Amino acid sequence: MQAKKRYLISLLTGASLVLLLYFGGVPGPAPATSRHERARGGGGGGRRSGQPWPHASEPFQPFSPGDETDTEEYNAHVSPRQKREVHASVYRGKRCRMDSCFDFSLCRRNGFKVYVYPQQKGEKISESYQSILAAIEGSRFYTSDPSQACLFVLSLDTLDRDQLSPHYVHNLKSKVQSLPLWNDGRNHLVFNLYSGTWPDYTEDLGFDIGQAMLAKASVSTENFRPGFDVSIPLFPKEHPRSGGERGHLRANSIPPFRKYMLVFKGKRYLTGIGSDTRNALYHVHNAEDVVLLTTCKHGKDWQKHKDARCDKDNAEYDKYDYREMLHNSTFCLVPRGRRLGSFRFLEALQAACVPVMLSNGWELPFSEVIDWNTGAVIGDERLLLQIPSTVRSIHQDKILALRQQTQFLWEAYFSSVEKIVLTTLEIIQDRVLQHTARSSLMWNSHPGGLFTLPQYSSYLGDFPFYYAGLGIKPYPKFTAVIHAVTPLVSQSQPILKLLVAVAKSQYCAQIIVLWNCDKPLPAKHRWPATSVPVIVIEGENKVMSSRFQPYESIITDAVLSLDEDTVLSTTEVDFAFTVWQSFPERIVGYPARSHFWDSNKERWGYTSKWTNDYSMVLTGAAIYHRYYHYLYTHFLPSSLKNMVDQLANCEDILMNFLVSAVTKLPPIKVTQKKQYKETMMGQSSRASRWADPDHFAQRQTCMNKFASWFGGMPLVHSQMRLDPVLFKDQVSILRKKYREIERL
Amino acid sequence: MCASVKYSSRGPALIPRMKTKHRIYYITLFSVVLLGLIATGMFQFWPHSIESSPEWTLDRRSVHDAPLVKLPVSSPIPERGDLSCRMHTCFDVYRCGYNPKNRIKVYIYPLQRFVDEVGVPISSTGLSREYNDLLSAISDSDFYTDDVTRACLFVPSIDVLNQNSLRIRETAQALAMLPRWDKGMNHLLFNMLPGGPPDYNTALDVPRDRALLAGGGFSTWTYRQGYDVSIPVYSPLSAEVDLPEKQPGPRRYFILSSQTAIHREYRTELERLKEENGEALLLLDKCSNLSQGMASARKRCYKGQVYDYPQILQESSFCVVLRGARLGQATLSDVLQAGCVPVIMADSYILPFSEVLDWKRASVVIPEEKLPEMYTILKSIPHRQVEEMQRQARWFWEAYFRSMKAIGLTTLQIINDRIYPYAARTYEEWNNPPVVKWSSVSNPLFLPLIPPRSPGFTAVVLTYDRVESLFRVITEISKVPSLAKLLVVWNNQNKSPPEECTAIDGLSLDQTHMVERSECINKFASVFGTMPLKVVEHRADPVLYKDDFPEKLKSFPNIGSL
């Protein structure tokens, strides 16, 4: 009995002890822990060391007393104007910023104009630098008058500042100092690809750049002056001057995995700067889907430095073909070389192999505007061993997006020297313009910063590219612009019929008649009465390009461009507009034409024959976004526009080149009632123009001239025509919405 | 089994040895334990007593009970912040490690009161309300860990939000005394009001070694891009005043200036603008004639007329945010809350969270020297853009400015994105307000690609039972040159696919079929929450479809020639 009691007591004691420990344990911080965990909705095992952060409860003082701003002392601080002047004098050299080292007033008068120093005799200029200068001179920013310039570019080759290089320009310091416009480098832009030399590869250029901005490859975050310098990519000598190859991605594959997961093939530096990462790559190499190959065979005396792994590595290195790996890998490793940037970067980007950056402290190319997280994987050299598991953890949706972004970025900013230079200039222009600068969305989504001019509008919804992304729709009406070249003599002229037909469209907001005829404007009452306003504008100089002027009076997103002799019915206009609403960034219209490569003559040909495909829709009857008026006028060089004006021809071809270069897509042909060409009026001047045999030859010439400026053929063929649903189907005509189109 | 038998057989032998002394001992122990249990139970199941009990300071601790730490005069001072610090040089990434959640762990130091040798505290305010809110928010978040060994980021509980209330040298010494300080590595300091008179530095003057600084009012010269985080200056009005969201659109005033501490030079310029443009501008200043006791922070005046602040901000399209002695201004937060587009004039200022937020869509930044042109510049902005900016401004406030919690967690998320860049939040996630997130369409295949014909296509044919029509489809499809593969999905579980063609009854018009499909559509639409299908009136046909044209010259002559 007693024994039982004792057992009970000891059992109870034990149980209570256990319970006590369970509930609260030792009185102290533990209750706080458990309460805290409950407050956060339960959680971990409660195995915690240290004290958690307590939620203190008493009435605290605010961090800012609030009345501080009222005190005299606060208010009477240094005059902001003086402060700005002090900044400008203090922050120089490595601390240069736009606010302190750039003279904005030079850009006030003439806008953002760039002057290139005339090339001096006897100065050798490398091919790459010549391409850079040519790109600037061919751009719309170029001015040959230094007094108009806002930015100055040297004609002295500063690209290669490696003293051991054959392209190294000697005595640059004195040459630069002797330039009369140098002004301590203020408002100058200095391009550089290579700086420093073996063994330490510093980022010193070997001459004093003063207050000049640097557009430099392989720049480190430490030396990079944010908002002042521009980081550019390292590009090879053979990089095309303009146009450039397209990205290698031809089609998306789903799932997006390729034969290899991660590849690299390159030199290994046994000693010195930048050798650590490449020397460690073999740890991660698995000879299956992660193939990281290095070779010691480079330089004259590699045998002297070679280490135990060299022979094995070299043998493995020779087993794989670089091109094959590049095009069959999901990710490509881009480790630093002697300098931070390497050629691997652009190669991977073009090959749609997502770059995995392993170059700590490299300020990535155009980092000011490009969000590299969407087009590359930024790794950390310190975490090399984690790289395989990191890339494997990336979801396939993300890989698909990364891969497409590499192609977008390559084609938008990197595929030619011209694009690299223009991107650099546009970035600087954005800083100068400030409040009208491009938003990040414009830089990082199709069609990219070079094709989106922020001066047109600061509102994204005014551009044809962002409707879906912003969840908005274009304005549901259009403005018709009729290009009139013949005097108004009779009331049966086609232009009047066209006016009436277009005005009847339910989507028509207004009609603009562009009077490009030598005869004076007809009296107001000669125009037919319509339900929509008709605005008559006299063309500037009566030249062809004036039909694509971004007139203030165009208030709608859509423009219906018409020749005066076009024959269109209201139904056709209505239908074309509904189609355009689905494709607001493309040209949607009726008369289609095609281009082809004439291999006998080695040039592009133009054809108006009825064919099974087309690549142009003529602007005699087409709907497109009004932004293209702005682009045509402000983006295209005057050389092309002048050519069009002189010939009074090809403006429609140029517009098609432009839109296809921007969208990378063909225009859209919609179905029409009758064949366009046959219905044209015999006596109109336009028709006589068509009859002119020279006219056709001119158009061939235009094509080739345009293609050379664009650096390639931007036009894309299409085999598709958009017809109304039920078009020519064997159902009752009464059930069809656009029945006029079928009637002959 | 064997052991327990042995033990129990030994048991009775032990009992007689137990004396009364032991029994008393056991009973005492038992009662003590029982009492302890009851006491614990009381605390556990009597929530009110815990919350209100003034004696119970372990949970809601008072600052005054935090341990007092005396700083010796000779205690080491950290070095001044190193301007060349970047994540790859001054941040120890190994502490964050690889984790599948891609989330950093943040540790908060326990509260301590630092005093100098004569017992004067290092800060005049001690722990401020805002800093307490911030630390509480972090400790309630997923980032928090109380395990110092697992932490990647350390947040001191020393409040340095306002430099003016600090003793710089002693604060620095206190930082250096933190047990894991280690040259400030992986430490994060929050500061909103940096610098002091007369020249007001744009970053915290407290020497801090390599610590990261989340600072309000950085200039381009003090901000270490990619290392520091630029944060807003919190406005206490955010919590006090509830401004309902106002629909974007035109407002009564075009430009409004509400700041009280504007330098004379700029106020003169603003007054000149006011003269030129009259009613479109409202130029407010502090009230001089208010009776004592009225909250002057909540009133603004113009020529004797009193306006409620910040409510008046909702009456203007644009609101001026000029630099004061400091670059960061709490007014920015009020302006955003009101859905007024900030016109920021503070040269070299690094805008809050500029690493992730696209300020071009929510604000207008004008150089200070262009102040006289402000009106013309703002007039040139299309009104739809103004509306978009108004909406965006309000969204920025709601998501990133409205509380210390929002500011703190946004800062941590930015640092998290740097450490796990491949899992970083996207531009759209940071910048698109919910309304855009819902209405926008993002195509996963966004690259304009016209795929080549060469790999062809795979045909997938779904069939249930109608083998005859299946075979007809297969015969037709297999004639197509671009066909690479044909996949038949046999959807009848009760039958195996036929070896060869047999005659099976043809298509019958099934009435219930259409009804079922309508039900499907409704069901799917309700799952999607909206009708994702869009109606178009066009159809793609070959270029010469049904044209009066020789058939043999058409690429696709069969189409339409039924």
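The values are calculated or read from the model by the stated rules, or taken from the named source; none is laboratory data. Since this is a predicted model, take the numbers as computed values, not measurements. For neighbour counting, all protein chains shown are included, and Cβ atoms are generated from backbone atoms with ideal geometry for every residue, glycine included. Ligands, DNA and RNA are excluded from the accessible area calculation, which covers all protein heavy atoms including side chains. Shrake-Rupley method; radii C 1.70, N 1.55, O 1.52, S 1.80 Å.
Whether a residue is open to solvent by 40 Å² or more (accessible area, probe 1.4 Å) and hydroxyl-bearing (Ser, Thr, Tyr) was assessed, and residue A:531 passes this test. Between B:94, B:109, the distinction of being of a type in the set (Phe, Trp, Tyr) and open to solvent by less than 10 Å² (accessible area, probe 1.4 Å) belongs to B:109 only.
Between A:382, A:403, A:392, which is in a helix (DSSP H, G or I) and more than 10 Å from chain B (Cβ to nearest Cβ)? It is A:392. With respect to residue B:108, is the statement that it is in contact with a strand residue (DSSP E or B) (Cβ under 6 Å, 6 or more places away or on another chain), within 8 Å of chain A (Cβ to nearest Cβ) and either modelled with pLDDT of 90 or more or within 17 Å of residue B:172 (Cβ to Cβ) (or both) true? So residue B:108 passes the test.
Name the residue, out of A:467, A:413, that is of a type in the set (Phe, Trp, Tyr) and more than 11 Å from every other protein chain (Cβ to nearest Cβ).
Answer to the selection: A:413.
Only one of the listed residues (A:610, A:580) is within 14 Å of another protein chain (Cβ to nearest Cβ) and within 28 Å of the chain's Cα centre (by Cα). That residue is A:580.
It is to be established whether one or more residues within segment B:318-328 are within 18 Å of the chain's Cα centre (by Cα) and within 14 Å of chain A (Cβ to nearest Cβ). No, segment B:318-328 has no match at all. Of all residues in segment A:539-558, which are part of a loop (DSSP other than H, G, I, E, B), closer than 17 Å to residue A:475 by Cα and either free of Cβ contacts under 8 Å to residues at least 40 places away in the same chain or among the aliphatic types (A, V, I, L, M) (or both)? Listed by number, the residues that qualify are A:552, A:554, A:555. Note on segment A:389-399: among residues that are in contact (Cβ under 8 Å) with a residue 24 or more places away in the chain and open to solvent by 20 Å² or more (accessible area, probe 1.4 Å), the one that is farthest from residue A:288 (Cα to Cα) is A:396. When residue A:481 is tested against (1) more than 9 Å from chain B (Cβ to nearest Cβ); (2) part of a loop (DSSP other than H, G, I, E, B); (3) crowded, with 21+ Cβ neighbours inside 10 Å, only condition (2) is not met.
Residue A:271 meets all of the listed conditions (1) without any contact (Cβ under 8 Å) to a residue 40 or more places away in the chain; (2) out of contact with any His (no Cβ under 8 Å at 6 or more places or on another chain); (3) not hydrophobic (A, V, I, L, M, F, W, C) but one, namely (2).
Given the residues B:373, B:429, which is the only one that is exposed (fewer than 14 other Cβ atoms within 10 Å of the Cβ) and within 14 Å of residue B:353 (Cβ to Cβ)?
Numbers: B:373 fails: within 14 Å of residue B:353 (Cβ to Cβ).
Of the residues listed, the single one that is exposed (fewer than 14 other Cβ atoms within 10 Å of the Cβ) and within 14 Å of residue B:353 (Cβ to Cβ) is B:429.
Among the residues of segment A:423-437, those identified as open to solvent by less than 30 Å² (accessible area, probe 1.4 Å), out of contact with any helix residue (DSSP H, G or I) (no Cβ under 6 Å at 6 or more places or on another chain) and touching a residue at least 40 places away in the same chain (Cβ under 8 Å) are A:424, A:425, A:427, A:428, A:429, A:430. Anything in segment A:342-358 that is open to solvent by 10 Å² or more (accessible area, probe 1.4 Å) and assigned to a loop (DSSP other than H, G, I, E, B)? List them, or say none. A:342, A:343, listed by residue number. Within the span defined as segment A:636-648, every residue fails to be in contact with a His (Cβ under 6 Å, 6 or more places away or on another chain) and either within 14 Å of another protein chain (Cβ to nearest Cβ) or modelled with pLDDT of 90 or more (or both). Going through segment B:152-187 one residue at a time, which ones are more than 14 Å from chain A (Cβ to nearest Cβ) and outside any helix (DSSP H, G or I)? Within segment B:152-187, B:167, B:181, B:187 meet the criteria.
Quick check on residue B:470: is it more than 7 Å from chain A (Cβ to nearest Cβ) and open to solvent by less than 60 Å² (accessible area, probe 1.4 Å)?
On the way: more than 7 Å from chain A (Cβ to nearest Cβ): yes; open to solvent by less than 60 Å² (accessible area, probe 1.4 Å): yes.
For residue B:470, the condition - more than 7 Å from chain A (Cβ to nearest Cβ) and open to solvent by less than 60 Å² (accessible area, probe 1.4 Å) - is met.
Let's see how each residue does on (1) away from every other protein chain (no Cβ under 14 Å); (2) within 20 Å of residue B:357 (Cα to Cα):
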position	(1), (2)
B:209	yes, no
B:218	no, yes
B:237	no, no
B:244	yes, no
B:247	yes, no
B:251	yes, no
B:256	yes, no
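Keeping to segment B:118-151, report how many residues are among the aromatic types (Phe, Trp, Tyr) and at the interface with chain A (Cβ under 8 Å from one of its Cβ atoms). Full working, then the answer.
If we filter segment B:118-151 for residues that are among the aromatic types (Phe, Trp, Tyr), which is where we start, we get B:131, B:143-144.
Restricting the remaining residues to those that are at the interface with chain A (Cβ under 8 Å from one of its Cβ atoms) gives B:131, B:144.
Selection size over segment B:118-151: 2.
The combined condition, being modelled with pLDDT of 95 or more and in a helix (DSSP H, G or I), is fulfilled by residue A:632. Going residue by residue through segment B:231-249, is there one that turns out to be assigned to a strand (DSSP E or B), modelled with pLDDT of 95 or more and open to solvent by less than 50 Å² (accessible area, probe 1.4 Å)? No, because not a single residue in segment B:231-249 is assigned to a strand (DSSP E or B), modelled with pLDDT of 95 or more and open to solvent by less than 50 Å² (accessible area, probe 1.4 Å). Taking the criterion of being closer than 20 Å to residue A:385 by Cβ, touching a residue at least 60 places away in the same chain (Cβ under 8 Å) and either out of contact with any strand residue (DSSP E or B) (no Cβ under 7 Å at 6 or more places or on another chain) or not in a loop (DSSP other than H, G, I, E, B) (or both), the residues of segment B:67-105 that qualify are B:87, B:91, B:92, B:93, B:95, B:96, B:102. Look at (1) touching a strand residue (DSSP E or B) at 6+ places or on another chain (Cβ under 8 Å); (2) in contact (Cβ under 8 Å) with a residue 40 or more places away in the chain; (3) surrounded by 16 or more Cβ atoms within 10 Å (Cβ to Cβ) and you find that residue A:249 fails only one, number (1). Only one entry of A:211, A:119 meets the criterion of being open to solvent by 30 Å² or more (accessible area, probe 1.4 Å) and either in contact with a Ser or Thr (Cβ under 9 Å, 6 or more places away or on another chain) or farther than 30 Å from residue A:274 by Cα (or both), and that entry is A:119. The sole residue among A:561, A:546 that is open to solvent by less than 10 Å² (accessible area, probe 1.4 Å) and at pLDDT 95 or above is A:561. Selection of segment B:201-226 for residues being in a loop (DSSP other than H, G, I, E, B), open to solvent by less than 10 Å² (accessible area, probe 1.4 Å) and closer than 23 Å to residue B:130 by Cβ yields B:203, B:204, B:206, B:211, B:216, B:217, B:218. Residues in segment B:432-465 that are surrounded by fewer than 16 Cβ atoms within 10 Å (Cβ to Cβ) and facing chain A (nearest Cβ under 8 Å): B:435, B:438, B:439, B:441, B:442, B:443, B:444, B:445, B:450, B:451, B:452, B:455. Scanning segment A:589-619 for residues that are open to solvent by less than 30 Å² (accessible area, probe 1.4 Å) and basic (Lys, Arg) yields one hit, A:593.
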